[in-house]
Amino acid sequence: MMASHSFSASPPVAPSTSSCPSPVHIYVAGVGDVGAALLRQIDARGDAGRDLRVIGACTSRRAAWGAPNRDPEAPLAGVDEAAPPDWPAIVDRLAQETPRPLVFVDATGSPDVADYYEPLLRAGVHVVTPSKLANTRSQAAFDRLREAAGEAGVQYRYETTVGAGLPVVQTVRNLVATGDRVRSIRGVVSGTLTFLFSALRDGSSFSEAVRAAVDRGYAEPDVRDDLSGTDVARKFLILARTAGYAVEPTEVQVESLVPDSLADAPYEAFLDRLSTVDPYWRERSAAAAAESAVLQYVGRFSPEGIEVGVEPVPGDTALGQLGAQENLFEVTTDRYAAVPLVVRGPGAGPSVTAAGVLADVLTAVREARPPSPPA
């Protein structure tokens, strides 16, 4: 459930009539950890942030129009009924009545909200999201979003879907835009799995490492969502598509770390019985160590396809020495052929993700252009 944030219920802000540039209007869907951090960062800009005007927000249970209160921990204020957001009404209001420029930020992770990206884009609304859902559907669905943004002259930005606040997506965009060709991308891109294999390297058993990730809040509510490899696969699918390649989700090869026998077990039973695979992982780690290597969960993209799974990497390399929750991406292109371009840093956390979302908001408005003429 998403955490709440404080908003007063007031009408949308009227367009500016002064000679100053129009402020950027922002609607924030989803005020959980990332959404709340984003609102705090906007508020912290003070006078410098007057170019940004939050006109509304919602949680999974409440919706409000108006500017946020100063107390980021207070519940949504001024709302008479604790009713779920009426998404058709909200989207219609944003598309038809709200002043421009307007940025819709989706921090919900809801497939229902992702369904509204295309109509919002076609209505001239910029869309910014840290959610991977819309970008990892069919290739045709991904293409429609980019086409809708281009035809309307607005931006669809999703930097934080890969690497949180790390500039990975924009780096790939820039390479392609300047005529370079991406040959391959390799990386360790899950903070949870980086922590897990770092703990294995330090002597923990597999089940102990998983428990530690859960206890420290590094994992998803059901850690099997991390162990399945789906999150890593989605990140590489997004990068491949951003690099200009057409890839369907079914074409990605994924190694799951969830034992088949425990895939459908109740969650606590899964955690309690996970020790049954400790000998397997102990043996696999020892085999890597005998070759002066360590295990990492690695993703690889090339024009031949995408593979994600566990592999030994030399212990004296950057990939082999990653600390807990670090991400590292190696991008090889025609220009960066001999030595890959490397992006490394924290790959998770509400603050760095929110900062990346805020950067996307500012970039969206800065790079907006007139709509494409009709064909």
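The values are calculated or read from the model by the stated rules, or taken from the named source; none is laboratory data. Just so you know, these numbers come straight off a predicted model, no measurement behind them. Every residue, glycine as well, gets a Cβ built from its backbone with ideal geometry; the counts of neighbours run over all protein chains shown. The accessibility values were calculated without ligands, DNA or RNA, using every heavy atom of the protein model including side chains. Shrake-Rupley method; radii C 1.70, N 1.55, O 1.52, S 1.80 Å.
Note on region 81-99: residues that are crowded, with 19+ Cβ neighbours inside 10 Å and under 26 Å from the mean Cα position of the chain (by Cα) amount to 4.
Look through LEU102, LEU166 and report the one residue that is of a type in the set (A, V, I, L, M, F, W, C) and either surrounded by fewer than 18 Cβ atoms within 10 Å (Cβ to Cβ) or over 28 Å from GLU251 (Cα atoms) (or both). I'd like the intermediate steps shown before the answer.
Details: LEU166 fails: either surrounded by fewer than 18 Cβ atoms within 10 Å (Cβ to Cβ) or over 28 Å from GLU251 (Cα atoms) (or both).
Exactly one residue qualifies, and that residue is LEU102.
Look through ARG61, ARG53, ARG40 and report the one residue that is in a loop (DSSP other than H, G, I, E, B) and at pLDDT 85 or above.
Numbers: ARG53 fails: in a loop (DSSP other than H, G, I, E, B); ARG40 fails: in a loop (DSSP other than H, G, I, E, B).
Among ARG61, ARG53, ARG40, only ARG61 is in a loop (DSSP other than H, G, I, E, B) and at pLDDT 85 or above.
Considering region 351-375, and only residues there that are modelled with pLDDT of 90 or more and more than 16 Å from the chain's Cα centre (by Cα), the residue that is nearest to HIS126 (Cα to Cα) turns out to be ALA364.
Can you work out which of the residues in region 245-279 that are among the charged types (D, E, K, R) and within 27 Å of the chain's Cα centre (by Cα) is most open to solvent (accessible area, probe 1.4 Å)? Even if it seems obvious, please write down each step before you answer.
Going through region 245-279, the residues among the charged types (D, E, K, R) turn out to be 248, 251, 255, 260, 264, 268, 272-273, 278.
Retained after the next criterion (residues that are within 27 Å of the chain's Cα centre (by Cα)): 248, 251, 255, 264.
Details: GLU248: 64, GLU251: 104, GLU255: 58, ASP264: 151 Å².
Only one residue fits best here, namely ASP264.
Total residues in region 303-347 satisfying the condition of being of a type in the set (Phe, Trp, Tyr) and over 18 Å from GLY165 (Cβ atoms): the figure is 1.
Applying the set (1) over 30 Å from GLN96 (Cβ atoms); (2) touching a residue at least 12 places away in the same chain (Cβ under 8 Å) to THR160 leaves exactly one unmet item: (1). Consider region 209-232 and keep the residues that are touching a residue at least 60 places away in the same chain (Cβ under 8 Å) and open to solvent by 10 Å² or more (accessible area, probe 1.4 Å). The one that is nearest to the chain's Cα centre (by Cα) is ASP231. Of all residues in region 306-324, those satisfying the criterion of being outside any strand (DSSP E or B), closer than 23 Å to VAL210 by Cβ and open to solvent by less than 50 Å² (accessible area, probe 1.4 Å) are GLY315, LEU319, GLY320, LEU322, GLY323.
Only one of the numbered conditions (1) farther than 30 Å from GLN170 by Cα; (2) modelled with pLDDT under 95 is not met by ASP231, and that is (1).
Please verify whether SER285 is over 22 Å from GLY191 (Cβ atoms) and touching a residue at least 60 places away in the same chain (Cβ under 8 Å), treating the condition exactly as stated. Spelling it out, it is not the case that SER285 is over 22 Å from GLY191 (Cβ atoms) and touching a residue at least 60 places away in the same chain (Cβ under 8 Å). Taking region 287-305 as the range and being open to solvent by less than 60 Å² (accessible area, probe 1.4 Å) and not hydrophobic (A, V, I, L, M, F, W, C) as the test, the residues that pass are GLN296, TYR297, GLY299, SER302, GLY305.
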